[in-house]
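In what follows, a single structure is set out as structure tokens and then discussed.
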Amino acid sequence: GDSVTQKEGLVTLTEGLPVMLNCTYQTIYSNAFLFWYVHYLNESPRLLLKSSTDNKRTEHQGFHATLHKSSSSFHLQKSSAQLSDSALYYCALREYNTNTGKLTFGDGTVLTVKP
Amino acid sequence: EAAVTQSPRSKVAVTGGKVTLSCHQTNNHDYMYWYRQDTGHGLRLIHYSYVADSTEKGDIPDGYKASRPSQENFSLILELASLSQTAVYFCASSRDREGSDYTFGSGTRLLVI
């Protein structure tokens, strides 16, 4: 079945430094829909970015990611980390060609930004 | 404002007891999901539904039942709660299966003792 790998369980950065959270995926289908969800403490997870277009950069709220089907990757980046970016980040893959609408989530990366 | 509301926000249950977690959405979405969140395991799908009166098993359905009596409501039932079911449970809805955004509830923190 589909799977999503987020290598880093915990990333700690100093404010102002660039952010890169890794996400790779496996699917038997040529079409893949990838998502980044952000989960702030005591809130609901919410969508940050999504893409299904190969090699096209997508941006939102200062974050960006590019889906690369050749390497099965969808890394999340930001040029300069802010304290308010501290949260749990999930990469997710939508299962294609079924009726489920199911998302397969990675294990998540906790990003902590320090002053 | 469209939303997904879960109840209760937290619960302490006794091993072997019955637990029902409720979810209500006002998004007019067809798809609803129950996920559990464990540290180091991300979000894993327990049950989902794409139409009222019908539910489907997700990736980790053992020990859980689900009920979808209407488009708006989706419940998760633990008939015999076990210690291993201590987790945070999230309900979500989506408009369709084509990659629409999920709307998540605020979660239910369940502690089984």
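The values are calculated or read from the model by the stated rules, or taken from the named source; none is laboratory data. What you see is a predicted model, and the numbers here were worked out from it, not measured in a lab. Using ideal geometry, Cβ is built from the backbone for each residue, glycine included, and neighbour counts are taken over all protein chains shown. Protein only, heavy atoms only, side chains kept; ligands, DNA and RNA dropped before computing areas. Shrake-Rupley method; radii C 1.70, N 1.55, O 1.52, S 1.80 Å.
Could you work out how far the C-alpha centroid of the range B:8-64 sits from that of the range A:53-85, in angstrom? The distance from the Cα centre of the range B:8-64 to that of the range A:53-85 comes to 30 Å. How large is log10 of I(q)/I(0) for chain B at q = 0.12, 0.23, 0.24 Å⁻¹ when the intensity is taken from the Debye formula with one equal scatterer per alpha-carbon? Relative scattering, expressed as log10 I(q)/I(0), comes to -0.36, -1.33, -1.44. Element breakdown for the protein assembly as shown at a 1.4 angstrom probe: carbon and sulfur atoms account for 48% of the accessible area.
Separation of the alpha carbons by more than 18 angstrom is noted, of A:Lys78/A:Lys114; A:Lys50/A:Lys102; A:Lys78/A:Lys102; A:Lys102/B:Lys57; A:Lys7/A:Lys102, for A:Lys78/A:Lys102; A:Lys7/A:Lys102. The alpha carbon convex hull volume per residue for chain A rounds to 97 Å³. Accessible surface for B:Arg9 stands near 140 Å², nearest 10, in the context of the full protein assembly shown (1.4 Å probe).
Sort A:Lys7, A:Lys50 from largest to smallest accessible area, using a 1.4 Å probe on the heavy atoms of the protein chains.
Values: A:Lys7 155, A:Lys50 80 Å².
Output order, biggest surface exposure first: A:Lys7, A:Lys50.
Taking all protein chains as they are arranged and a probe of 1.4 Å, the heavy atoms of A:Glu15 leave approximately 90 Å² accessible to solvent.
Cβ-Cβ distance of B:Asp30 and A:Arg46, R₀ of 22 Å, FRET efficiency by 1/(1 + (r/R0)^6): the value works out to about 0.65.
Take each residue in B:40-47, count the other chain C-beta atoms within 10 Å of its C-beta, and the mean is 5. In this structure chain B gives 47 Å² per residue of accessible area when probed at 1.4 Å with all protein chains present. Between chain A and chain B, roughly 1800 Å² of accessible surface gets buried, counting both sides and using a 1.4 Å probe.
Diffusion of the protein assembly as shown by Stokes-Einstein, at 20 °C in a medium of 1.002 mPa s and with Rh set to the Kirkwood radius over alpha-carbon pairs, works out to 119 µm²/s. Restricting the chymotrypsin sites (Phe, Trp or Tyr not before Pro) of the range A:8-115 to loop positions (DSSP other than H, G, I, E, B) with no more than 16 neighbouring Cβ atoms within 10 Å leaves A:Tyr29, A:Tyr40. Please state the Cα pair-distance histogram of the range B:7-73 with 5 angstrom bins from zero: what percent is in each bin? Reading upward from the zero bin: 4, 15, 24, 25, 21, 9, 3, 0.
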